[in-house]
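The values are calculated or read from the model by the stated rules, or taken from the named source; none is laboratory data. All figures in this text were calculated on a predicted structure; none of them were measured in a lab. In this analysis, Cβ positions are derived from the backbone assuming ideal geometry, glycine residues included, and neighbour counts consider all displayed protein chains.
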Amino acid sequence: MEAASLSGVLSYTKLSSSNQCYSDDRFSRRIASFSRHSSNGFNGVNKPSSKALIKGPFLSDGLIQRRNLHLQAICGVGVYTLGENDDVESHHSHAMEEKIGVLLLNLRGPETLKDVQPFLYNLFADPDIIWLPGLFKLLQRPLAKLISFLRAPKSEEGYAAVGGGSPLRKITDEQANALRMALKAKNVNVSVYVGMRYWYPLTEEAIEQLVVLPLYPQFSISTTGSSIRVLQHIFREDVYLSRLPVSVILSWYQRQGYICSMADLIKEELERFAKPEEVMIFFSAHGVPDSYVEDAGDPYKDQMEECVYLIMLELKSRGIGNDHTLAYHIRVGPVQWLKPYTDEVLVELGQKGVKSLLAVPIETLEEIDMEYKHLALESGIENWGRVPALGCTSSFITDLADAVVEALPSAKALSASREAAEETNYEPVRYLVKLFFCSILAFVLLLLRPKVVFAFRNHLH
Ligand SMILES: C=CC1=C(C)c2cc3[nH]c(cc4nc(cc5[nH]c(cc1n2)c(C)c5CCC(=O)O)C(CCC(=O)O)=C4C)c(C)c3C=C
Ligand SMILES: [Fe+2]
């Protein structure tokens, strides 16, 4: 298992659809609601921290070298904590007796169609999602606005087809509850938090140790990485949090429990076909731009390929030797994304005479069923099946609970106090220069708007 401590849980706050102002780069504004599933059944929202972050509104990260360093720091093998202050004692003993919190990180999709554009804005305003070079970074927010408006109609169509909103929040809440129960069954009493907003209940409840569990099996800079980065900043702001022993589970795609649960689901769905042995197993994963992998060393592609290999190995050990393919969906903007692309592969498979196909989505993207099923059937595939999401499958949740227990001994304070962080990060002159350039560029962009809109529209649709 790969694990580390904090730094980005909050991008799930960032991706919140409910309030566009969270996209403001000040982390304090990103702290919105967060819900808790604890033994006493409380599930509430608290007011935001009054301790706003003092950092300048533009984060200084973004350079590829820095990203590489960041990745080196957080992609180690084994349970690893990101504590920056080596003086802080690591807590290896009595973990079970301490008051433990588990923080689940997941993307919070738009809950209604009205939320789609603000959700997209928050997503594109994230410097870990859209990387702009040099001074172009100053355009992040105006560009995010523009792209979100252009992309919104296509996204809305997708969400309208699945009931008008993302099911992720509900699924994550259910998983939180199931995980708490699974840990209780192992005699580990925890409070499980979802989303990571309003950090203060942790303080109020005197949580003594925290495990951060992103609900992404594979690590990517744009998901777990982004979240961890933001979380780390937030923790620096608070004396209590900066000392809290924390471990982060960076990825869990290779865990036996996850692999076996996926194999179980695939086997079950294969059996529904008239000739299971002739079915092509089609893994479809969310894409990332090529540059994430090529230039910044994002391990996502390698981890995805290894994950598919392990699932197929498990199936083979059960006597299932079907053909399989891995492709990537979601492309945004005029850059190369991981290939092969799901839509292209489906057409090719149909043309090659594949008649039966079982889609295995690695994330809960409902468009697999809508858009891609339609495309597959049009391309000559006759029998379509789809593996359901793992959701609260008990073998899967039990394995996540084991992952939490295994991560406990490695918890270590995040530390690096706010004062220290400010010294290194708060640069008022730099901030003012950026603000100045940003205003000019935003103004120019507004003047050019019709042309820019036209150019982007061609790429986005
Ligand atoms: C713009 C770039 C994007 C990157 C990079 C990216 C990485 C990434 N995302 C997920 C998981 C999910 N993404 C989801 C929706 C979604 N993602 C993007 C863009 C990027 N994602 C967009 C524009 C959207 C909205 C849908 C659309 O317009 O097509 C979802 C679905 C959430 C839901 O509402 O249910 C998930 C899950 C991963 C794992 C990842 C990097 C590996
Ligand atoms: Fe995405």
> Which one of these is assigned to a strand (DSSP E or B) and of a type in the set (A, V, I, L, M): Ala296, Ala285?
Replying inline: Ala285
>> I'd like to know if segment 266-286 contains one or more residues that are buried (at least 18 other Cβ atoms within 10 Å of the Cβ), within 16 Å of ligand 2 (Cβ to nearest atom) and not small (Gly, Ala, Ser).
In response: yes
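Considering Asn187, Asn177, which residue is under 30 Å from Tyr258 (Cα atoms), loosely packed, with under 14 Cβ neighbours inside 10 Å and modelled with pLDDT of 85 or more?
Numbers: Asn177 fails: loosely packed, with under 14 Cβ neighbours inside 10 Å.
Checking each option against the conditions leaves just Asn187.
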>> For segment 106-151, which positions are within 15 Å of ligand 2 (Cβ to nearest atom), in a helix (DSSP H, G or I) and of a type in the set (A, V, I, L, M)?
In response: Val116, Leu120, Leu123, Ala144, Ile147
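Return yes when Arg108 is at pLDDT below 85 and within 11 Å of ligand 1 (Cβ to nearest atom) and no when it is not.
Working: at pLDDT below 85: yes; within 11 Å of ligand 1 (Cβ to nearest atom): yes.
Criteria met by Arg108.
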>> Quick check on segment 287-329: of everything there that is closer than 13 Å to Gln218 by Cβ and β-branched (Val, Ile, Thr), which residue is surrounded by the fewest Cβ atoms within 10 Å (Cβ to Cβ)?
In response: Val293
> Inside segment 279-294, can you point out the residues that are of a type in the set (Ser, Thr, Tyr) and near ligand 1 (Cβ under 8 Å from one of its atoms)?
Replying inline: Tyr292
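One line per residue, one yes/no per condition, for (1) within 16 Å of ligand 2 (Cβ to nearest atom); (2) assigned to a helix (DSSP H, G or I); (3) more than 9 Å from the chain's Cα centre (by Cα); (4) outside the structural domain of Pro409 (by the TED database):
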site	(1), (2), (3), (4)
Val212	no, no, yes, no
Tyr216	yes, no, no, no
Phe219	yes, no, no, no
Ser222	yes, yes, no, no
Ser226	yes, yes, no, no
Arg229	no, yes, yes, no
Phe235	no, yes, yes, no
> In segment 329-359, what residues are under 19 Å from Leu123 (Cα atoms) and assigned to a strand (DSSP E or B)?
Replying inline: His329, Trp337
